[in-house]
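**Student:** Encoded as structure tokens, here's the structure I'll be asking about.
Read-outs: derived from the displayed coordinates by stated rules, not from any lab. Being a predicted model, the structure only gives us computed values, none of them experimental. Because the Cβ atoms are built from the backbone with ideal geometry, glycine has one as well, and the counts that use them run over all protein chains shown.
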């Protein structure tokens, strides 16, 4: 009877939570299991670890044909530059949308929304041909270069970021700006002296979300960067398993693990801020 | 000098920064103009003017905040969108990618030629002669030169790629069989020198493809082996005045059909390739409705896209909410559960999707292994290869990817609902279930509706998942299926536009993308109206 009582009050909650955790962890467990196996296949005879080996990591990190460090640094450099710049540029627009009064504000924010809804994958062909033309006169910024990809990402991240940032900016109390305005500060001064210091934690979170988003991007990176030494980690790792064979799952899993770990740790340590941001729009209503 | 009023570090910094930007843009403009790309050059020019105006004057203060974002959006988002929209009015597909002059040039150059029936077969002796038929061994000017003869009619001539020179019979040297072998020289100079044996070795490379000149219009001679020459003619001729091709053999006339091809005036389906990009107005849109081979896959894909997006939102929300309700009580280890449950959301999705792809493999996948372990006998579900199972797989993986998000936002929303409401309900005698159904759930619904709609819109265009997990498949290409079982509109359209090796139809793909755009925009606008996001702007 005691058990029944425990189960109806708390036990079922643990049961549901355990089941959900099992579901959540299953693929992650497979990544860990596969990456520490001796063989490179994804196949498991038993779900329990049968041995421990670092050979997959070794293959990934020391095979001269696999420029993993380069991929990793490409991904980090691209994501970092795009996230910092896009938040920097986006914050200015978000501030203007949120705090300044001007004609056509409603129209322009609706236009921004509308633009966001265009299936961007289709605009790929046009972006591609623009960058092909840029390649002719500015070889460092065109097709096949990291610089060009960063520019394209910056353009693409703009809409989402302005939206996301606007939500955050709206939640920053307006009283301080108003006090400064009464004291005769110009919009520029309010922006740099008052708004930016207040918003910096928020900007950091949006920066992180953008970083993860760019880090995850596959199709543009795959289309743009064809030279292996310029590829990102997502494109590079996918090549391991893109073929018909299962043989390279080991290094792939090891690479996924190394790639995901820093992001997961960052995410977990900042989860409070991220969740606040995600729910801000919802709970406000 | 308003500019210098109150010179401060900020102003100096601004001037330096703007000047650097202008300089870089100026260099780029110069480079693009030098490369002949006027459009891009003009774009840089306009950008420079705008930047200078906005940052060195006080025309508009909001613009100072907006301009960098606007320039980026204009270049990489708005221009491509306009381009795509305009392409939906074009015949633009495999075989119709060039401009008309390019296509015309290729058609005229094309190797569409055939042996002229009923013409003579000539005897051939290959050799050299120089441009003026002077010293044939003068290497600098020497050309491959055919000594061609048809002795029944006493026809003898020398032919190169560019010249045709008849010879009188008395200059020909015959062998014992009566076949010409040489040309007598005039004065001290050779007019013609036969190939040495070793020169025949290189014959294939240098001569086999040469078109030797013949004295009939629109024809040429081509060596058939080492000793026979035959008369060939282009199959089609082009007349610039009427802008029409004529098939010499059949007499069929091919005219510009106004849709990007030269088509047979008798039989419009008989077209010359390559064609070119041509404006065809709304034809791509009409095709979407009228052409069964376009319409039927599109309808199937559209229905699946809706099912996919709706089911995804419902399952993700249901599971997320269930977990949120479960963990919305103080139980031991709640923090641990929470951290584990948001892992799928924290993990880079590209890695998770790919690893799921491996786990769903029929032969070695962990999912089949796990099921085998549970039911006690080996199973071999073809998760990604069988249409229904593939659909289930896509939904399952998407559930895994998305439920933590709904768990997080549901938790946030649940905590925002005042406790007093449910307490009041329980005082009035409502059971927990009743209170949830009548109070908590409707409130949640109201709060989360905008996010549910946003999630629907996102999944409507969830390209990454479909592309990386199933590639839209399985699709029966042998049966001519253009759409796979798990193709959603965006992956289907991507395939239409960029399908490597197959038939690309960029015009049609653009039309489909506009349909997608309108659909998603309508749904989202409805959501926005409902959630009153824009209220703060009125």
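**Student:** List the equivalent ellipsoid semi-axes of the range B:482-525 in whole Å, largest first, each obtained as the square root of 5λ for an eigenvalue λ of the Cα gyration tensor.
**Tutor:** Values: eigenvalues 92, 29, 7 Å².
They are 21, 12, 6 Å, listed largest first.
**Student:** What do you get for the angle between helix B:489-498 and the principal long axis of chain B? Use alpha-carbon atoms, 0 to 90 degrees, nearest ten.
**Tutor:** Relative to chain B, helix B:489-498 is tipped by roughly 20 degrees.
**Student:** Let me ask you something else. Modelling each spin label as a point 7 Å along the Cα-to-Cβ direction, I'd like the residue B:417/residue A:106 distance in nm, to one decimal.
**Tutor:** For residue B:417 paired with residue A:106, the spin-label model returns 3.3 nm.
**Student:** Rounded to the nearest whole Å³, what is the per residue volume of the convex hull around the Cα atoms of the range B:2-66?
**Tutor:** Values: hull volume 5.2 nm³, N = 65.
With only Cα atoms used, the range B:2-66 gives 80 Å³ per residue.
**Student:** Given R₀ = 60 Å, FRET efficiency for residue A:8-residue A:132 by Cβ-Cβ distance, to 0.05? Please list the in-between numbers first.
**Tutor:** Values: r = 66 Å, r/R0 = 1.10.
So, using R0 = 60 Å, E works out to roughly 0.35.
**Student:** Rounded, prolate or oblate: which fits the range B:223-303 when a ≥ b ≥ c are the square roots of the eigenvalues of the alpha-carbon gyration tensor, with rounded for a/c under 1.5 and prolate only if a/b beats b/c?
**Tutor:** Prolate shape, in that a/c is at least 1.5 and a/b is the bigger ratio.
**Student:** Could you check the simple spin-label distance between residue A:200 and residue B:106, using points 7 Å along Cα→Cβ, in nm with one decimal?
**Tutor:** Each label point lies 7 Å from its Cα, and together they span 5.8 nm.
**Student:** For the range B:292-537, calculate the relative contact order in percent as a whole number, restricting contacts to Cα pairs under 8 Å that are 6 or more residues apart.
**Tutor:** On the way: 260 pairs, mean separation 61.0, N = 246.
With pairs under 8 Å counted, the relative contact order is 25 percent.
**Student:** Return the average number of partner chain Cβ atoms within 10 angstrom of each residue Cβ along peptide B:57-65.
**Tutor:** Values: counts 0, 0, 0, 2, 6, 14, 2, 6, 14.
Mean shielding count: 5.
**Student:** Give me the number: length gained by fully extending residue B:279 to residue B:119, i.e. 0.36 nm times residue separation minus the C-alpha to C-alpha distance, one decimal in nm. Don't skip to the answer; put the middle values down first.
**Tutor:** On the way: separation 160, 0.36 × 160 = 57.60 nm, distance 4.39 nm.
Between residue B:279 and residue B:119, full extension yields 53.2 nm more.
**Student:** Same structure, new question: Kindly provide log₁₀ I(q)/I(0) values, in the same order as q = 0.09, 0.10 Å⁻¹, from the Debye equation applied to equal alpha-carbon scatterers of the range A:63-284.
**Tutor:** -0.46, -0.56
**Student:** What angle, in degrees between 0 and 90 and rounded to the nearest 10, separates the Cα long axis of helix A:12-35 from the longest principal axis of the Cα atoms of chain A?
**Tutor:** 70 degrees
**Student:** Something else: Please work out the ratio of the alpha-carbon Rg of the range A:47-192 to 2.2 N^0.38 Å and round it to two decimals.
**Tutor:** Details: Rg = 22.1 Å, N = 146, 2.2 N^0.38 = 14.6 Å.
In units of the 2.2 N^0.38 Å rule of thumb, it is 1.51.
**Student:** What's the long-distance tail for the protein assembly as shown, i.e. % of Cα pairs beyond 42 Å?
**Tutor:** Details: 167078 of 338253 pairs.
Percent of Cα pairs beyond 42 Å in the protein assembly as shown: 49.
**Student:** Moving to a separate point now. Quick one: if you take sqrt(5λ) for each eigenvalue of the C-alpha gyration tensor of the range B:329-418, what semi-axes come out, biggest first, whole angstrom?
**Tutor:** Values: eigenvalues 196, 49, 30 Å².
Square roots of five times the eigenvalues give 31, 16, 12 Å.
**Student:** Please give the per residue volume of the convex hull enclosing the alpha carbon atoms of the range B:292-537, rounded to a whole number of Å³. Before the final figure, lay out the partial values.
**Tutor:** Details: hull volume 44.5 nm³, N = 246.
Hull volume over Cα atoms, normalised by residue count, gives 181 Å³.
**Student:** Got a sec? Which residues in the range A:76-106 would a label at residue B:20 touch, if it sits 7 Å along Cα→Cβ and we count backbone N under 17 Å?
**Tutor:** In the range A:76-106, the label zone of residue B:20 (backbone N under 17 Å from the point 7 Å along Cα→Cβ) covers A:81-82, A:84-86, A:88-89.
**Student:** A further question follows. Just report the Cα centroid separation between the range A:99-118 and the range A:175-249, whole Å.
**Tutor:** When both Cα centres are located, 22 Å separates them.
**Student:** Which length gain, in nm to one decimal place, applies between residue B:197 and residue B:446 when the Cα-Cα distance is subtracted from 0.36 nm times their residue separation?
**Tutor:** Details: separation 249, 0.36 × 249 = 89.64 nm, distance 9.27 nm.
Extra length available between residue B:197 and residue B:446 comes to 80.4 nm.
**Student:** Between residue A:76 and residue A:268, how high is the FRET efficiency from 1/(1 + (r/R0)^6) when r is the Cβ-Cβ distance and R₀ = 22 Å? Nearest 0.05.
**Tutor:** Numbers: r = 19 Å, r/R0 = 0.86.
Computed FRET efficiency for residue A:76 and residue A:268: 0.70.
**Student:** With a 10 Å radius around each residue's Cβ, average the other Cβ atoms per peptide and rank B:354-364, B:419-429, highest first.
**Tutor:** Details: B:354-364: 20.8, B:419-429: 11.5.
So the order, starting with the most tightly packed, is B:354-364, B:419-429.
**Student:** In percent, how large is the relative contact order of chain B, given Cα pairs closer than 8 Å and 6 or more residues apart? Don't skip to the end; give the middle numbers.
**Tutor:** Values: 723 pairs, mean separation 71.2, N = 538.
Relative contact order of chain B: 13 percent.
**Student:** Here's another thing I want to ask about it. Work out the mean other chain Cβ neighbour count within 10 Å for the residues of A:107-119 and drop it here as an integer. List each step's numbers first, then the result.
**Tutor:** Numbers: counts 1, 4, 4, 4, 2, 3, 6, 6, 6, 5, 13, 13, 16.
Averaged over the peptide's residues, the number is 6.
**Student:** State the Cα centre-to-centre distance between the range A:1-75 and the range B:428-466 in whole Å.
**Tutor:** Spelled out, the Cα-based centre of one part sits 31 Å from the other.
**Student:** With each label point set 7 Å from Cα along the Cα-Cβ vector, what nm distance links residue B:30 and residue B:46?
**Tutor:** 2.4 nm
**Student:** Going highest first, how would you order B:161-174, B:67-80 by mean Cβ packing within 10 Å? The partial results should precede the final answer.
**Tutor:** Details: B:161-174: 13.0, B:67-80: 20.6.
Top of the packing list down: B:67-80, B:161-174.
**Student:** Here is a follow-up. If I stretch the segment between residue B:307 and residue B:94 completely, what's the gain in nm (0.36 nm per residue apart, minus their alpha carbon distance), one decimal?
**Tutor:** Details: separation 213, 0.36 × 213 = 76.68 nm, distance 3.17 nm.
Result: 73.5 nm gained on full extension.
**Student:** Using 1/(1 + (r/R0)^6) with R0 = 60 angstrom and r between the beta carbons of residue A:41 and residue B:211, what's the FRET efficiency to the nearest 0.05? Present the calculation step by step, with values, prior to reporting the outcome.
**Tutor:** Values: r = 58 Å, r/R0 = 0.97.
Plugging the Cβ-Cβ distance into 1/(1 + (r/R0)^6) gives 0.55.
**Student:** Taking a quarter of the surface of the Cα convex hull of chain B, what do you get in nm²? Write out the running numbers ahead of the final one.
**Tutor:** Numbers: hull surface 193.2 nm².
Averaged projected area of chain B's Cα convex hull equals 48.3 nm².
**Student:** Which whole number gives the average count of other chain Cβ atoms within 10 Å of the Cβ atoms across peptide A:9-20? Walk me through the numbers on the way to the answer.
**Tutor:** Working: counts 2, 4, 1, 1, 10, 6, 1, 7, 11, 3, 2, 12.
The shielding value for this peptide is 5.
**Student:** I'd like the orientation of helix B:366-375 relative to chain B: the angle between its Cα long axis and the longest Cα principal axis, in ° from 0 to 90, rounded to 10.
**Tutor:** 50 degrees
**Student:** Which value in deg cm²/dmol, rounded to the nearest 500, describes the helix-derived mean residue ellipticity at 222 nm for chain B, given -39,500 (n - 2.57) per DSSP H run of n ≥ 4 and division by the residue count? Don't skip to the end; give the middle numbers.
**Tutor:** Values: 20 runs with 269 residues, N = 538.
Result for chain B: -16000 deg cm²/dmol, rounded to the nearest 500.
**Student:** On to the next question. What is the Cα centroid distance between the range B:483-518 and the range B:254-268, reported in whole angstrom?
**Tutor:** Answer, in whole Å: 27.
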